[in-house]
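Engineer: Starting off with a structure, shown below.
The values are calculated or read from the model by the stated rules, or taken from the named source; none is laboratory data. Keep in mind it's a predicted model, so treat the numbers as computed, not measured. Glycine also receives a Cβ, built like all others from the backbone with ideal geometry; neighbour counts cover every protein chain displayed. Accessible surface is based on the protein model in full, side chains and every heavy atom, while ligands, DNA and RNA are left aside. Shrake-Rupley method; radii C 1.70, N 1.55, O 1.52, S 1.80 Å.
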Amino acid sequence: MSEALLSAQGIGKRFGSVVANEAVDLTLRAGEIHALLGENGAGKSTLVKILYGALLPDTGTISWEGQPVRLTSPAAARRLGIGMVFQHFSLFEALTVGENIALSLGGGERMKALGKRIAALSGQYGLPVDPDKVIADLSVGERQRVEVVRCLLQDPKLIILDEPTSVLTPQEAEELFGVLGRLAGEGRAILYISHRLEEVRRIAQRATVMRRGRVVGTCDPRTETTRTLARMMIGSDLTSVVAPVPPGESAPVRLAVRGLSLARGIPFGVDLEDISVEVRAGEVVGIAGVAGNGQNELFQALAGERGSMPPGTVEVDGKDAAGLGITERRRLGLAFVPEERLGHGVVPDMRLSQNVVLTRHRTDPELRRGVTINVDEARAVAARVVYRFGVRAGEDDPVAGALSGGNVQKFQVGREIDRRPAVLVINQPTWGIDAGAAVVVRQAIVDLARTGSAVLMISQDLDEIFEISDRVGVMADGRLTPLQPTAELTPEAIGLMMAGMNAAESPAPADAH
Amino acid sequence: MRIEILKRPQNSPLMAVAAPLLAIGLTLITGAVIFVALGKDPLYGLYVFYVEPLTALWTIEELAVKAVPLILIALGLSLCYRANAWNIGAEGQFTLGAITGAIIPVYFPEWNSWMVLPLMLVMGAAGGLFWASIPAFLRVRFGASEILTSLMLVYVAQHFLDWLLRGPFRNPNGFNYGETRIFQEAARVPILIADTRVRIGLVIALVAVPLIWFLLRRTLAGFAVDVVGQAPRAARFGGFSRNKVIVGTFMASGAFAGLAGILEAAGPLGQLKPVLSPGYGFTAIIVAFVGRLNPVAIVFAGILIALSYLGGEAAQISLRLSEKMARVFQGVLLFYVLACNTLVHNRIRIVRSPRPASAPAAGSAVEVGNGNR
């Protein structure tokens, strides 16, 4: 084994009273793919930001090729040879690939020369990228390739990737793994952050596992099982979701969407085209698909956030809901959980009890006394949700923004399920939350369905789709495939539907404007 | 060395109290510097401005007289600003409230019933409400910036008043001065404390404080105001109409400003004149923010700013400085209040330069603010 390329010793970082990292040691060697494993909130992001110079550690030292260094800014990290591909892309949608890359390089290089370099690099690594295409026209997978190419143009010795496969189809992920293998083969080190254990076992030679801000172990993931890795990550065995038998075809349809088409409301949005889906009492219907294919538009349309729609396109228990606003839809028995928690589903600076009032003020008469709010009842509902869904809150009735992502999600899911809605529409139920909270949320979804409600779950997490949905449809480019029983499908088949329709429908090469 | 501004995980309750006090302290220091620059003794200047007015009984009365309109208007404005709707035109709504409220004493000077004053107050509030509903409507219907339209309507209102005073409202026995007749006794706001200038407007302002507090903390309407202001997307998700909130808060703040206008006209002034206020409607914006949009704190902010008006008058006499000094102090105070409010949501960290011993490789690195925001 070669000597350490980067070595971090005793890294510590606090945010107020929260310990994000404590006594963290990490060693990266040239030519290895090193996985950084941990639940959400385990301190992975903090550590990575420190390694990339975006945060300064409170304690500890970092050595690069044997020399102690101080990474005071991302620019300093880049100069040493550390590159990073972020989970959330930082690309300007209205600019071309080449323009975006030129912006980040900052030099006075001519566009033509840069274009040649991009083409050469993308050929070398099998990362097809067209420098003249506008970002808005690219799929999520293509955008990630742009990020990777942009990173590689700086010829980094260490490449950090943050949850790179969370936005990819299985096939696209496969291609990425090939590229990573080639990069490692050239002697570059790769730090791969993930919580997907199967992936890590396949591609990484070493893994560092973090829990609650500390490193709990380093191992060779190839010799571990998914179960042993999960135990290291979580500290205990993970319970799995119990899903009883789904209802038969005779169960009544509670949510029916028929021939729903809706033009995009914002630039770079997606037009919904002829969406039809029926959800029966007792079942969970999953909508799979790569992010950005119309899922958010579908959610907003169902929630009535996009104004009224042609009559008959949305029905709840046989009643037409298409012309109704979000409040009237809730009164018909619909409940909604959006993907964005803070700022959409909950107000971060308001207390949990106030956030109960936010969505339930017209459906729960007890929450109101005339024009005033029944504060005691709101607190009681909030306390009930906190208790039933295991929301970890530091104090009684804290502001929502003080909770971790997983706990906010447990709260906003619990807030709706506590109403016992006829139909629950939920978008990305476990996006960005820890594995323990994800199990709670998924179990709650299944339990709600089995009591006779209908659940429409939009998710880009295929594992989740397979774990709890009874039937599944795939969204691609604003269209939805007919539903099929999940049991009759494989991840590869769904992946092909996600990508296949994309390829067939992808627009002709856009002219550079 | 560099200075970083970091978002606090939670708002600091300490800073919520300390920020306005810090702003006042910085204003005093800046004021002292200005006095020095003008060749005046800074301590004496500050004494004249902020202490002397509190040493005599009549100036304390005067403080109450000036604080009443400021507090009333600022209470209304705080509703708008909480909802992220920017009513800058309270001065115009104040003027229109005075005009509509004055219709009875101008046209029915002989009517001496107990009903006169309550009717005038209602009409004054209605006039301000109407004037404020114009920019709200333009904003909701056409997307016009309410900041500009509400501000421009201030000048429309003032010229309208000017025209009225030269024409329909002119005092028939007023030797052609542009003023209305003096209001009859039944149309005057009664004196609250005998032998002072303090009128029952003070009671109205103080009653409004708990009402606004109750509205914000306990009612669904107040909840809607806060949700729309803090998280418009969540407000829509909750089924609250942003447009309704904008129109509602504008109307409420217009009514408060209009009420303040007629209380002023039928109170200390006793008639309509071309200049009704020393800029109460604009100064109330500062009051609202110094009070951090909190109804109780607005009372104290109103008193503080009223003090700077009196200080300005005193400075004119004792220091021979322009009364515009009061405006300078108010502006400086607003500047510091807004700057210090940043500290409630953020903290400042001073990062020392890297120690040379530990930074051979990155020692040459350019120091830039961190990018994780």
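Engineer: If ligands, DNA and RNA are left out, what is the accessible area of residue A:271 with a 1.4 Å probe, given in Å² to the nearest 10?
Structural biologist: Result for residue A:271: roughly 50 Å² accessible.
Engineer: What fraction, in whole percent, of alpha-carbon pairs in segment B:2-353 exceed 36 Å separation? Walk me through the numbers on the way to the answer.
Structural biologist: Numbers: 15020 of 61776 pairs.
Percent of Cα pairs beyond 36 Å in segment B:2-353: 24.
Engineer: How much accessible surface area, in Å² rounded to 10, belongs to the heavy atoms of residue B:342 with a 1.4 Å probe?
Structural biologist: About 60 Å², ignoring ligands and nucleic acids.
Engineer: Heavy atoms only, 1.4 Å probe, whole protein assembly: order B:159, A:195 by accessible area, highest first. It would help to have the intermediate numbers written out before the result.
Structural biologist: Numbers: B:159 125, A:195 80 Å².
Sorted by accessible area, descending: B:159, A:195.
Engineer: OK, next. Which one of B:350, A:335, A:494 is farthest out on the positive end of the charge dipole of the protein assembly as shown, using unit charges on Cβ (Lys, Arg +1; Asp, Glu -1) and the Cα centre as origin?
Structural biologist: B:350
Engineer: Remind me, what semi-axes does chain A give for its equivalent ellipsoid, largest first in whole Å, using sqrt of 5 times each Cα gyration tensor eigenvalue?
Structural biologist: 40, 29, 22
Engineer: Whats the longest run of chain A with zero GluC sites (Glu not before Pro) that are DSSP loop and have at most 16 other Cβ atoms within 10 Å?
Structural biologist: Values: sites that count: A:3, A:65, A:93, A:109, A:186, A:249, A:340, A:395.
Between the exposed loop sites, the longest stretch runs A:396-513.
Engineer: Moving on. Return the subset of A:49/A:133; B:7/B:66; A:13/A:157 for which the Cα-Cα distance in this structure is over 27 Å, preserving the input order. Intermediate results must be reported in sequence, preceding the final value.
Structural biologist: Values: A:49/A:133 30 Å; B:7/B:66 38 Å; A:13/A:157 25 Å.
Table pairs above 27 Å Cα-Cα are A:49/A:133; B:7/B:66.
Engineer: Would you tell me the accessible area of residue B:43, worked out with a 1.4 angstrom probe on the heavy atoms of the protein chains, in Å² to the nearest 10?
Structural biologist: The value for residue B:43 is about 140 Å².
Engineer: Which residues belonging to segment A:357-377 lose at least 50 Å² of 1.4 Å-probe accessible area when the assembly is complete, relative to their chain isolated?
Structural biologist: A:358, A:361, A:373
Engineer: In debye to the nearest 20, how big a dipole does chain A give about its Cα centre with +1 on each Lys and Arg Cβ and -1 on each Asp and Glu Cβ? Write out the running numbers ahead of the final one.
Structural biologist: Values: 56 positive and 63 negative charges, 257 e Å.
Using only the charged Cβ atoms, the result is roughly 1240 debye.
Engineer: What quantity of accessible surface, computed with a 1.4 Å probe and excluding non-protein components, is buried in total between chains B and A, in Å² to the nearest 100?
Structural biologist: Working: alone 19030 and 22280 Å², together 38020 Å².
Protein heavy atoms only, the B-A interface buries about 3300 Å².
Engineer: Using a 1.4 angstrom probe, figure out how much accessible area chain A has per residue, in square angstrom, rounded to the nearest whole. Can you show the working numbers first?
Structural biologist: On the way: 20700 Å² over 513 residues.
Heavy-atom accessible area per residue stands at 40 Å².
Engineer: Taking beta carbons within 10 Å but only from partner chains, what does the mean come to for residues A:317-327?
Structural biologist: On the way: counts 0, 0, 0, 0, 0, 0, 0, 0, 3, 5, 4.
That works out to 1 on average.
Engineer: Given A:127, A:435, B:239, which one lies farthest toward the positive end of the charge dipole of the protein assembly as shown, if we put +1 on the Cβ of every Lys and Arg and -1 on the Cβ of every Asp and Glu?
Structural biologist: B:239
Engineer: Considering only C-alpha atoms, what is the centroid distance from segment A:256-334 to segment B:121-179, in Å?
Structural biologist: Cα centres, segment A:256-334 to segment B:121-179: 47 Å.
Engineer: Also, quick follow-up: Classify segment A:401-453 from the C-alpha gyration tensor, please: rounded if a/c falls under 1.5, else prolate or oblate depending on whether a/b exceeds b/c. Mind dumping the intermediate values first?
Structural biologist: Values: a/c = 2.27, a/b = 1.70, b/c = 1.33.
Cα axes put segment A:401-453 in the prolate bin.
Engineer: Give the distance, in whole Å, between the Cα centre of segment B:215-229 and the Cα centre of segment B:60-95.
Structural biologist: 19 Å
Engineer: Does segment A:278-328 classify as rounded, prolate or oblate by the C-alpha gyration tensor (a ≥ b ≥ c root eigenvalues; a/c under 1.5 gives rounded; else a/b over b/c gives prolate, otherwise oblate)?
Structural biologist: oblate
Engineer: With +1 assigned to the C-beta of every Lys and Arg and -1 to the C-beta of every Asp and Glu, and no other charges, what is the dipole magnitude of segment A:285-331 about the Cα centre in debye, to the nearest 20? Spell out each step's value before the answer.
Structural biologist: On the way: 5 positive and 6 negative charges, 23 e Å.
Once rounded to the nearest 20, the dipole reads 120 debye.
Engineer: Okay, moving on. When the helices in the protein assembly as shown are scored as -39500 (n - 2.57) per DSSP H run of 4 or longer and the sum is shared across all residues, what 222 nm value do you end up with, to the nearest 500 deg cm²/dmol? Show your work: numbers first, answer last.
Structural biologist: Working: 30 runs with 409 residues, N = 886.
Theoretical 222 nm ellipticity from helices: -15000 deg cm²/dmol.
Engineer: Let me ask something additional. Need one number: nm distance between label points at residue B:8 and residue A:380, each 7 Å from Cα along Cα→Cβ, rounded to one decimal.
Structural biologist: Each label point lies 7 Å from its Cα, and together they span 3.4 nm.
Engineer: Ranked by accessible surface with a 1.4 Å probe, highest first, in what order do B:213, A:64 come? Walk me through the numbers on the way to the answer.
Structural biologist: On the way: B:213 95, A:64 15 Å².
Most to least solvent-accessible, the answer reads B:213, A:64.
Engineer: I would also like to ask the following. Kindly identify the protein assembly as shown as rounded, prolate or oblate by the Cα gyration tensor criterion: order the square roots of the eigenvalues as a ≥ b ≥ c, call it rounded if a/c is under 1.5, otherwise compare a/b with b/c, prolate if a/b is larger, else oblate.
Structural biologist: On the way: a/c = 2.35, a/b = 1.63, b/c = 1.44.
Prolate shape, in that a/c is at least 1.5 and a/b is the bigger ratio.
Engineer: Once you put a point 7 Å from the Cα of residue B:156 and another 7 Å from the Cα of residue B:273, both along the Cβ direction, what distance in nm separates them?
Structural biologist: Placing both labels 7 Å along Cα→Cβ, they lie 2.8 nm apart.
Engineer: At 7 Å along the Cα-to-beta-carbon direction for both residue B:351 and residue B:142, put a label point, then send me their distance in nm to one decimal.
Structural biologist: That separation, rounded to one decimal, is 4.8 nm.
Engineer: Next question, about the same structure. If Lys and Arg each add +1 and Asp and Glu each add -1, what is the summed charge of the other residues whose beta carbon sits under 14 Å from the beta carbon of residue B:199? Intermediate results must be reported in sequence, preceding the final value.
Structural biologist: Details: positive: B:66, B:188, B:197; negative: B:61, B:62, B:185, B:195, B:264.
It works out to a net charge of -2.
Engineer: Which lysines have a Cα lying under 24 Å from the Cα of residue B:40, excluding residues fewer than 8 positions away in the same chain?
Structural biologist: Residue B:40 reaches B:324.
Engineer: Further question: On full extension of the chain, what length is gained from residue B:206 through residue B:243, given 0.36 nm per residue of separation minus the C-alpha to C-alpha distance? The partial results should precede the final answer.
Structural biologist: On the way: separation 37, 0.36 × 37 = 13.32 nm, distance 2.95 nm.
The span from residue B:206 to residue B:243 would gain 10.4 nm if fully extended.
Engineer: In what order, largest first, do A:261, A:104 sit by accessible area if the probe radius is 1.4 Å? Show your work: numbers first, answer last.
Structural biologist: Values: A:261 65, A:104 40 Å².
Per-residue accessible area, sorted high to low, gives A:261, A:104.
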